[in-house]
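One structure below.
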Amino acid sequence: MSEQLLYRRRVSTWWWTRKRTYFVFVMRELSSIFIAWFVVFLLRLLSAVGDSRSAYDHFLDWASSPLVVALNVLTLVFITLHAVTWFSLTPQAMAVQVRGRAVPGSVIIAAQYVGLAIVSAFIFWLVTR
Amino acid sequence: MTQAPAVRRPKRRILPLVWLTFSGGGVIAAVFLPVLVLLFGLAFPLGWISAPDYAHLHAVVTNWLTRLVLLGLFVPMLVHSAHRFRYTLYDGLQLKRKLLIAFLCYGAAMAGAFASLLVLLSMR
């Protein structure tokens, strides 16, 4: 096969700002940063709780500082975007069959929201009881 | 589909594993994180709901089953995050140093996994 030299125009770094769907796509991809951030946040919490009562109080003080609160508000927005888009994409990524029949996408999506509700209720109960 | 390529690159073998962990981490983040962010990120620090009593929270998180579950949640989420961020850098910012980016992203996820293990094991 002979080598082909093709002219490729460089795509602008800001290509995703031109269309709403592109913008939502990139925002969805950026949720990864906030997931990593919150794992770090939870590790700090666990390490404080594992340490002492005063370290836990200190953690809560730090977590209520304006910068951390602002970051966590953003985190909640991005995690919500991640959850909604992830749930709605699942039927396309995974074909579920029950007794040889394809389960409709809407059922798969609804099942995940039920899972979310159960897990949320359980965690709420576990930490606040 | 035509014939499979004669030469298989080694990276193909680990790709399904990364993809599986990416998907698992995506589900975990979608199902577990909203309530955790809402409670520990906002409601407890801001006093919307009184923060859990220390003795109770300590008992819950130092339970060995909890530690194991938390490790099983954190590691896939870190891999998910690294994998997605890697493609954000490729596609979003059009960066070209692909091998370096992959190395940094998965390296950070592995460092995070190791840190998680340390924190979970060292809780007293």
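Considering only residues that are surrounded by 15 or more Cβ atoms within 10 Å (Cβ to Cβ) and of a type in the set (S, T, N, Q), which ones fall in the range A:48-71?
Of everything in the range A:48-71, just one residue is surrounded by 15 or more Cβ atoms within 10 Å (Cβ to Cβ) and of a type in the set (S, T, N, Q), namely A:S64.
Do the conditions hold for B:S116, that is, is it of a type in the set (S, T, N, Q) and under 15 Å from the mean Cα position of the chain (by Cα)? Write out each step before concluding.
Details: of a type in the set (S, T, N, Q): yes; under 15 Å from the mean Cα position of the chain (by Cα): yes.
Taking the combined requirement at face value, the residue satisfies it.
Do you know which residues across the range B:67-99 are charged (D, E, K, R) and more than 8 Å from every other protein chain (Cβ to nearest Cβ)? Break it down into steps so the answer makes sense when it comes.
Restricting attention to the range B:67-99, the residues satisfying the condition of being charged (D, E, K, R) are B:67, B:84, B:86, B:91, B:96-98.
If the condition is that a residue be charged (D, E, K, R) and more than 8 Å from every other protein chain (Cβ to nearest Cβ), then B:R67, B:R86, B:K96, B:R97, B:K98 are the ones that fit.
Name every residue in the range B:25-79 that is of a type in the set (F, W, Y) and either modelled with pLDDT under 95 or part of a helix (DSSP H, G or I) (or both), in order of residue number.
Quick first cut of the range B:25-79, residues of a type in the set (F, W, Y) only: B:32, B:40, B:44, B:48, B:54, B:64, B:74.
Scanning the range B:25-79 gives B:F32, B:F40, B:Y54, B:W64, B:F74.
May I ask you to say which residue of A:S12, A:S32, A:S52, A:S64 is farther than 20 Å from A:L116 by Cα and either within 7 Å of another protein chain (Cβ to nearest Cβ) or touching a His at 6+ places or on another chain (Cβ under 8 Å) (or both)?
Residue meeting the stated conditions: A:S64.
With the structure loaded, tell me whether A:S47 is closer than 22 Å to B:V69 by Cα, among the hydroxyl-bearing types (S, T, Y) and either in contact (Cβ under 8 Å) with a residue 24 or more places away in the chain or within 7 Å of chain B (Cβ to nearest Cβ) (or both) or whether it fails that test.
Spelling it out, A:S47 is indeed closer than 22 Å to B:V69 by Cα, among the hydroxyl-bearing types (S, T, Y) and either in contact (Cβ under 8 Å) with a residue 24 or more places away in the chain or within 7 Å of chain B (Cβ to nearest Cβ) (or both).
Suppose we keep only residues that are without any contact (Cβ under 8 Å) to a residue 12 or more places away in the chain and facing chain A (nearest Cβ under 9 Å) within the range B:56-65. Which one would you say is surrounded by the most Cβ atoms within 10 Å (Cβ to Cβ)?
First, pick out the residues of the range B:56-65 that are without any contact (Cβ under 8 Å) to a residue 12 or more places away in the chain: B:56-60, B:63-65.
Then drop every residue that is not facing chain A (nearest Cβ under 9 Å), which leaves B:56-58, B:60.
Details: B:H56: 13, B:L57: 21, B:H58: 19, B:V60: 14.
Among those that are without any contact (Cβ under 8 Å) to a residue 12 or more places away in the chain and facing chain A (nearest Cβ under 9 Å), it is B:L57.
How many residues does the range B:110-124 contain that are within 8 Å of chain A (Cβ to nearest Cβ) and surrounded by 13 or more Cβ atoms within 10 Å (Cβ to Cβ)?
Count: 6.
Does B:A82 satisfy the criteria of being without any contact (Cβ under 8 Å) to a residue 40 or more places away in the chain, part of a helix (DSSP H, G or I) and surrounded by fewer than 18 Cβ atoms within 10 Å (Cβ to Cβ)?
no
Considering B:L68, B:L95, B:L99, which residue is closer than 24 Å to A:L46 by Cα and surrounded by fewer than 16 Cβ atoms within 10 Å (Cβ to Cβ)?
None of the others qualify; the one that does is B:L68.
The values are calculated or read from the model by the stated rules, or taken from the named source; none is laboratory data. Remember, predicted model here, so these are calculated numbers, not experimental data. Virtual Cβ from ideal backbone geometry, glycine too; neighbours counted across all protein chains shown.
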